[in-house]
Amino acid sequence: MINRRRLDSIPRFLRADRYSMERPKEMKKMYKSVWIVNHYISDPRDTASGSRHFSLAAGLARLGWAVSLIAASAGHNTDLQRVGKNERSLTTEHLGVTFRWLRTSTYKGNGVGRVLGMLQFSIALLRKRSVAGLATPDVIVGSTVHPLAAWAASVMARRYGVPFVFEIRDLWPQTLIDMGKLRSGGLPAYLMRILERHLCKSAETIIVLMPFAADYLAGQGVSRDKVVWISNGTDVDAFPPSEPPTSLPFTFMYFGAHGGANGLEAIVQGYAMFRDSSDQESRLMLIGDGPRRGALRELAASLECRDELVFVDAVPKSEIPRIAGEAHCLVLNLLDLELYKYGISLNKLFDYMAASRPIIIASNAANNPVRDAGGGVTVPANDPSAIAKAMQTVVEASHEQRVDWGTGARRHVSEYFDYARLSEDLDGALNAVVERPHISSPARSNE
């Protein structure tokens, strides 16, 4: 079991609010330009994927930045293709944010097609015409998941003579090693570690999403002074505050990806145990798509709960607040991975908390926003029996108790994890990098 540490135990030097709370007003200059590069950036109008970069970008735009989000045209694991067959890129805008979509092939699964898309995107980033017409950057942020795109962003930063900021969303290769996808001593893991260390060395600042990721990076020789924690979050105002419904059936709900890392089997098994021991009219709704969906249907059939298990296709991010309003309780299970000793930072968890619903979270991670908020019931990770008991606890609770759980969750996420606040933290971190002397080159024009 991993020892848990509260948010307040995170050293101040790791927290981005050391900038946003202390920087003088004269540091805020209008119309600085930032490019944020991430293969999987999404537009919340057309996908159900996490909207971290768009939400932060919209906040930066309100604070006077010109923000360009540079991403692949193909949606992750979908048929979505934003760029025409005979075109190389497409530029769109939304709420003051510029999207530059670079054409890559669509794919399904995690095989050759996905790897091809990674290579296509990284190579496209190195072509000057791919970014022609965008506001010349003052700083470039290169974000994983896969490190090739971040590497290409570092090359772009050198080309323009501007600071490079490395954002680490997942600890590659450690994430893949802990999930059994890579062998620790194998060549791919070795090459990924070399690239990770190179990017950390090249960056003037490193942004991490997990609250204790600096512990991991310190073990790789990275100075803690270089690391800033800017968590995932949510747009709280997108979720109108409301009380859990009182009508039946009692609805447990999960929304998000249906992949091997999402631990949905334990939720389905736990629900089946709960249903078998309870006379409460209920249902479990699983909203989203992913490679495990077929197996989950088969599991539901084998547990004879196919009628009570409702699968709903993925919906645009903008539809999530309305759908979450149908839930009596939201459920999340994490695998019991060594990696989570560095903490978790899940967009869906913060969406859950903004929805004002009690939350069941099965987790052994080092941090637990639900527990800190008094927002629901915490049980051990990936334990179907414990999840079933937690469901019974929530069902047996009074309506007033469920309201209190939901209110506590929303209050906590509003204070610490609203993207309006997090974008101010990012603004401070980027301003600090831009104002700091750094090596530059004369190549600045983006005509």
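No lab work stands behind these numbers, since they all come straight from the coordinates. Bear in mind the structure is a predicted one, so any value in this text is a computation, not a measurement.
Per-structure values
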{"read-out": "Potential lengthening between Val312 and Asn110 on full extension [0.36 nm per residue; Cα-Cα distance subtracted]", "value": "70.5 nm"}
{"read-out": "Rg(Cα)/(2.2 N^0.38 Å) for the chain, N = residue count", "value": "0.98"}
{"read-out": "Share, in percent, of DSSP beta bridges within the chain that are antiparallel, nearest 5", "value": "15"}
{"read-out": "Cα-based Rg of region 336-447 normalised by 2.2 N^0.38 Å, two decimals", "value": "1.50"}
{"read-out": "Volume per residue that the Cα convex hull of region 236-416 spans, once the total is divided by residue count, Å³", "value": "102"}
{"read-out": "Relative contact order of region 297-447, pairs being alpha-carbon contacts under 8 Å that are 6 or more residues apart, as %", "value": "20"}
{"read-out": "Estimated vicinal HN-Hα couplings, Hz - region 52-64 in sequence order (Karplus 6.51, -1.76, 1.60; Gly, Pro = x)", "value": "3, 5, 5, 5, 5, 5, 4, x, 4, 4, 5, 8, x"}
{"read-out": "Distant-in-sequence amide H partners of Val145 (H built 1.01 Å from N, under 5 Å)", "value": "His39, Tyr40"}
{"read-out": "Amide H contacts of Asn77 (H built 1.01 Å from N, under 5 Å, at least 5 apart or other chain)", "value": "Tyr107"}
{"read-out": "Flagged links, alpha-carbon separation over 26 Å, of Lys108/Lys317; Lys128/Lys201; Lys226/Lys317", "value": "Lys226/Lys317"}
{"read-out": "Relative contact order of the chain, pairs being alpha-carbon contacts under 8 Å that are 6 or more residues apart, as %", "value": "20"}
{"read-out": "Equivalent ellipsoid, region 36-98 (semi-axes from 5 times Cα gyration tensor eigenvalues, Å)", "value": "21, 13, 9"}
{"read-out": "Mean residue ellipticity (222 nm) of the chain, computed from DSSP H runs ≥ 4 via -39,500 (n - 2.57), nearest 500", "value": "-11000 deg cm²/dmol"}
{"read-out": "Mean shadow area of region 201-283, taken as a quarter of the surface of its Cα convex hull (nm²)", "value": "9.5"}
{"read-out": "Whole-Hz ³J(HN,Hα) from phi, Karplus 6.51 cos²θ - 1.76 cosθ + 1.60, for region 122-128, glycine and proline x", "value": "5, 5, 4, 4, 7, 7, 4"}
